[in-house]
1. So which lysines pass the test for residue A:187, namely a Cα distance under 27 Å, with those fewer than 8 places away in the same chain ruled out?
2. Share of antiparallel DSSP beta bridges in chain A, in percent to the nearest 5?
3. With Cβ to Cβ distances under 11 Å as the rule, what net charge do the other residues near residue B:223 carry (K, R +1; D, E -1)?
4. Excluding the sites themselves, what is the longest stretch of chain A that contains no GluC sites (Glu not before Pro) in a DSSP loop with at most 10 other C-beta atoms within 10 Å?
5. Any idea what diffusion coefficient the protein assembly as shown gets from Stokes-Einstein, in µm²/s, Kirkwood Rh on alpha carbon pairs, 25 °C, 0.890 mPa s?
6. Filter the chymotrypsin sites (Phe, Trp or Tyr not before Pro) in segment A:159-216 down to the DSSP loop ones having no more than 14 other Cβ atoms within 10 Å, then list what survives.
7. Residues with beta-carbon under 11 Å from that of residue B:245, excluding residue B:245: net charge, scoring Lys, Arg +1 and Asp, Glu -1?
8. If you place +1 on the Cβ of every Lys and Arg, -1 on the Cβ of every Asp and Glu, and leave all else neutral, what size is the dipole of chain B about its Cα centre, to the nearest 20 Debye?
Amino acid sequence: MNMIVTPAPPATPNGTTRPQVRIVIVGHVDHGKSTLVGRLLHETGSLPDGKLEMLKAVSARRGMPFEWSFLLDALQTERDQGITIDTTQIRFRTNSRDIVLIDAPGHAEFLRNMITGASQADGAVLIIDALEGVRDQTRRHGYLLHLLGVKQVAIVVNKMDRVDFSAERFEEISDEISAHLNGLGVKPTAVIPISARDGDGVADRTDRIGWYKGPTVVEALDALEPARPLEALALRLPVQAIYKFDDRRIVAGRIESGSLIAGDEIVIMPAGKIAKIKSVESWPVTPVAGRQGAGRSVGITLDRELFIERGDIISHVSAAPRETRRLRARIFWLHDKPLAKGDQLLVRCGPKESRATVVAIEKAVDPGELSSVENKAIGRNHVGEIDISLSNPIATDPYTENPRTGRLVIEVSGRIAGGGLVLSVDAGQRAVPVDIVPVESALRPDERSARYRHNGAVVWLTGLPASGKSTLAKALERRLFSNGGSPVLLDGDTLRAGLNSDLGFSAADRSENIRRLAEVATHLARNGHIAIVAAVSPAREDRAIARRIADAAFREIHVATPAEVCEDRDPKGHYKKARAGALASFTGIGNDYEQPEAAELVIDTSTRTVAEAADEIEQMLKTTGVLFDEVVDLAANI
Amino acid sequence: MHLLRSDSGADGLGFTVPVSTQIPVTQTAPSMDHLDQLEAQSIYIFREAFARLKKIALLWSLGKDSNVMIWLARKAFFSRVPFPALHVDTGKKFPEMYRFRDHYGKEWELDLRVEPCPPIDAVDPTLPPAARSAARKTEGLKMALAKYGFDGLIAGIRRDEEATRAKERVFSPRGLEGNWDVRDQPPEFWDHFNASPPQGAHLRIHPILHWTEADIWAYTKRENIPIIPLYLAKDGKRYRSLGDQDITNPVASTASNIDEILIELEQTKVPERAGRALDHETEDAFERLRVAGYL
């Protein structure tokens, strides 16, 4: 449809003075999307001359009352079926925005078209029928907007004329949908009562909705912000191709985030090879000087001949993406056949592709349903979290660190079957490749218990920095060893120097650090040792994962020394540095430590000696069946 | 384990608001305007098509859109288009168009392939006259496909031209007969394209699907891309869209240069293809053509 409007304020055709915003209108089938679009076109003066009259005539010829939605139903097939089957794009203008409106079908069968449309949108209008209220497709679309990364969502409660413009009914729906979206981390920009058929609330606050004080639909659209390129993030240039059309060897790709300039030292991931950018090539003028930012399609030459291939990621040396063969993703699934554990797939992360195997599936639910019953496989139009093992290493970022490179699509038989966000790399406590068979120990647990006089356990000491965890851990280790036991100390910092040296301090890395600590500790516990872990582990969810891994062997001790005492001790000088602003991310002076709610033991080291505290821990380990009493019958503990 | 970044805003699902390693940027890159963004996106699409398909060609209709397309391809591949430019010739184009083809085919160093269309008798007689004439081109296209075995054809259609084109994907699969199944289009998002046509079938690739008529003109002006003079007004009329001579009509216009065309487009409510007879014969003529494989 070619719909061009008489310009309201002076505007340039290439939009240099007016931001262009792409929006999608989604919601349950028959809740009035097409009607709203037709009405919006009319209210913004965007209809071609004669179009309205022509459609009214067509309606009369067919003996049907005129509907605003006819404006969109340009396809014969759509009119015959009475539903919009695909994404169409229509343009119109508000006071300060050029709006590209992507209509998306509400029918569940066409979810792939809704996703195709919504993935291109800067903002969304979620429409709800005032009479029918929130339906499954309303919830599903809300969920998908979130998953697709559409952050600006306006809610429109349509057909208010059918509920006599009842403010109570409006509030009811507004509360329900707001609660649903808030649960997904999406805050609606507006909730607007309208009658798309009659025009109330679309461009005018009519008397019939006199109780409503918020923006109209047109005003809400006018407030949307266009997408911004991600120049502030670290450089990510995924390689699309290497061209040798002449004596130049040009590495071509689009800068997804960050920026680059000739002379930059770069690293090519996943191989980790280092080079310098010699020039930025272009046509018709080459080379180009100056910095190139996110969003540009560029070609660069390097100062040395390196093996580079499509799918590699070029970044700066100081902030490279991680190389991985394993990742966790939250995905939506569009294929007829449900996605199950063990399935073989093709995964695409930008231009990179890799064969992959699903090694675990969690939280597989129908986002349309209120009660989220978890399934073993992810059905068509459902969502879930999966761990995948990749046959080739890829370079990627968690979505939270880079929304462009931290997403992937899944192909089945050469057709896109799903997509989602990279939650973490190398993660997933159950991400065991299907072809690995663990070797069992030659010793039975009771043989070890008989020698050490204790069962295996994971003693997890959590608390603020300088709360005394390491001191207590060492005292406990000495005490258990003196009694003939087999304690092993696992200190968070010590492991970071080796096993976990690839991890930083992002939320995802912290979680992975805790997961590895828990896995190692659990392995020791299963083999009869008492693993003593001393780690701040501030996130309750991370500790819950550790408890899940260690299961019945887990003993949590909250070293609950008051924060002022910890800061006063400050043996490593961290508090002082953090107060001076030299440590940007330090647990202790903020509110970021989440206290345990059900620790096996709570110890305040400011009110007792180290020996007293060790006594308490020993006592707890006795009463919870880890340490054997002198008189106890060994057999009872096996 | 002691130096921990404070939590970013975690939402109910465990997602967090993007926080990333920020590198100090002493000097910021020049910001991209609307045309820069369109150009970068089109170049990305060209490079994906060239990387993922085995044998592709660009359909050069000689019009403003396909000229912009060639320009973008030259930017994507640093001067020379590395695949053939195919002109499916109905033999009924304007003389100015043939002159343009012969001149710029050489100047732009195109690997030009001119392919003929079958006679009108070979075309579905139930179509209205203009559509039947246009359908010849579809047949010519099928013959060229069979001759060369292309698995991808790059076409300069735009979503804003016409409602059925608005439903297109960037990478659009065609059946073995070259037909388009509008009801069963694969999902396409985040610039990931379905690029695996079944054996014997082909893909249509649409690198300027997201451009508008005004974008095309603004870009043509900015890049100084040559155009056929028929687009500029002469004696109160100009062509907004160029097809076969016998089924294309000029529109009333006084726009004698690109600036004036842009002003005209700001004000008009007449669709671009109003002068193309085949679009208006019956309500569904154009869609029937496209389902059968027309552009």
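1. Partners found: A:33, A:151, A:159, A:213, A:363.
2. Details: 74 of 115 bridges.
About 65 percent, rounded to the nearest 5.
3. Numbers: positive: B:74, B:75, B:221, B:222; negative: B:39.
Net local charge, residue B:223 excluded: +3.
4. Numbers: sites that count: A:305, A:374, A:440, A:597, A:630.
Of all site-free stretches, the longest is A:1-304.
5. Approximately 79 µm²/s, per Stokes-Einstein.
6. Values: sites: A:165, A:170, A:211, A:212; in loops: A:165, A:211, A:212.
Within segment A:159-216, the qualifying chymotrypsin sites (Phe, Trp or Tyr not before Pro) (loop, at most 14 other Cβ atoms within 10 Å) are A:211.
7. Details: positive: B:92, B:93; negative: B:96, B:244, B:246.
Neighbourhood net charge equals -1.
8. Working: 39 positive and 43 negative charges, 157 e Å.
That gives a dipole near 760 debye.
Since every read-out is calculated from the coordinates, none of them should be taken as a lab result. Everything numeric in this text was worked out from a predicted model, so none of it was measured. Quick reminder, even Gly has a Cβ in these numbers, built from the backbone with ideal geometry, and neighbours come from all protein chains shown.
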